[in-house]
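Chemist: My questions all concern the structure below.
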Amino acid sequence: GNDGTAMTTYTLPKTPQTVTITASSAGFASATFTETSIVGPVASLTLVSGSKQTGTVGTTLPSPIVVKAKDAVGNLVQNALISFTDGVGGTFNPNPANTASNGQASTMYTLPTVAKALTVTASNGSVSLKITENSVAGAPALMPIIQGNNQSAHPKNRLAKALIVQVTDQYGNGIKGLTVTFTDNGAG
């Protein structure tokens, strides 16, 4: 410029680092700039492992759920808090989980007491990732009467309503595929 200034723009490299830039002109002292490229905020979450596991209601899945956080240019993000939710009462430990130097956060998932296909959401701010897990009923524990109790009919006549019971685990989740035997000890 007319006042003796020289100017340029500089784009920092994608990887985090400190850069030294030297401005020089023959016969004059040089000027040294020190600039630092840092990792940006979490822009994407990807699954590393722990998806598509199946476990019994109320138990902890055998493998942790592990996600990886990266910034907008693909750098791993360290010390980002990743929150986990399932919307149906399961618990995560830890929650939130902090990303390590490899950008990964890990949590153990204890399934809710409802047997169903589950969607776990890992999130950091507005960035989120959906993860699929499956919760299945536990061992048979209860057999409540659904229909047919306390009926009356004339001898040798069929009762008006069918006798229905439901086999459930301790949390009331129905269990299919079991054989249920009805017996009246030879009376009817």
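The values are calculated or read from the model by the stated rules, or taken from the named source; none is laboratory data. Because the structure is predicted, anything quoted here is derived from the model rather than measured. Using ideal geometry, Cβ is built from the backbone for each residue, glycine included, and neighbour counts are taken over all protein chains shown. When the accessible area is computed, the model is the full protein with side chains, heavy atoms only, and any ligands, DNA or RNA have been set aside. Shrake-Rupley method; radii C 1.70, N 1.55, O 1.52, S 1.80 Å.
Chemist: If you go through the range 160-182 one residue at a time, do you hit one that is open to solvent by 90 Å² or more (accessible area, probe 1.4 Å), modelled with pLDDT of 90 or more, under 29 Å from Leu81 (Cα atoms) and not acidic (Asp, Glu)?
Modeler: No, there is no match, as no residue in the range 160-182 is open to solvent by 90 Å² or more (accessible area, probe 1.4 Å), modelled with pLDDT of 90 or more, under 29 Å from Leu81 (Cα atoms) and not acidic (Asp, Glu).
Chemist: Take Ala139 and tell me if it is in a loop (DSSP other than H, G, I, E, B) and over 30 Å from Leu111 (Cα atoms).
Modeler: no
Chemist: Another question, then. Mind checking which residues of the range 57-88 are of a type outside the set (A, V, I, L, M) and open to solvent by less than 60 Å² (accessible area, probe 1.4 Å)?
Modeler: Passing the criteria: Gly58, Thr59, Ser63, Pro64, Lys68, Asp71, Gly74, Asn75, Ser83, Phe84, Asp86.
Chemist: Counting just the residues of the range 13-33 that are open to solvent by 70 Å² or more (accessible area, probe 1.4 Å) and within 41 Å of the chain's Cα centre (by Cα), which one comes out modelled with the highest pLDDT?
Modeler: So, considering only residues that are open to solvent by 70 Å² or more (accessible area, probe 1.4 Å) and within 41 Å of the chain's Cα centre (by Cα), the one modelled with the highest pLDDT is Thr18.
Chemist: Which of the residues belonging to the range 103-124 are in contact with a strand residue (DSSP E or B) (Cβ under 6 Å, 6 or more places away or on another chain) and either open to solvent by less than 30 Å² (accessible area, probe 1.4 Å) or part of a loop (DSSP other than H, G, I, E, B) (or both)?
Modeler: Those that are in contact with a strand residue (DSSP E or B) (Cβ under 6 Å, 6 or more places away or on another chain) and either open to solvent by less than 30 Å² (accessible area, probe 1.4 Å) or part of a loop (DSSP other than H, G, I, E, B) (or both): Gly103, Ala105, Thr107, Tyr109, Leu111, Ala115, Leu118, Val120, Thr121, Ala122.
Chemist: Failed condition for Asn134, given (1) in a strand (DSSP E or B); (2) under 17 Å from Tyr171 (Cα atoms); (3) open to solvent by less than 40 Å² (accessible area, probe 1.4 Å); (4) not hydroxyl-bearing (Ser, Thr, Tyr), with all others met?
Modeler: Checking Asn134 against (1) in a strand (DSSP E or B); (2) under 17 Å from Tyr171 (Cα atoms); (3) open to solvent by less than 40 Å² (accessible area, probe 1.4 Å); (4) not hydroxyl-bearing (Ser, Thr, Tyr), the one that fails is (3).
Chemist: Kindly indicate whether any position in the range 80-99 is of a type in the set (Gly, Ala, Ser), within 30 Å of Pro13 (Cα to Cα) and part of a loop (DSSP other than H, G, I, E, B).
Modeler: Yes.
Chemist: Related question: Check Val127 against each of (1) open to solvent by less than 30 Å² (accessible area, probe 1.4 Å); (2) at pLDDT below 95 and name the one condition it does not meet.
Modeler: Of everything listed in (1) open to solvent by less than 30 Å² (accessible area, probe 1.4 Å); (2) at pLDDT below 95, Val127 misses just condition (2).
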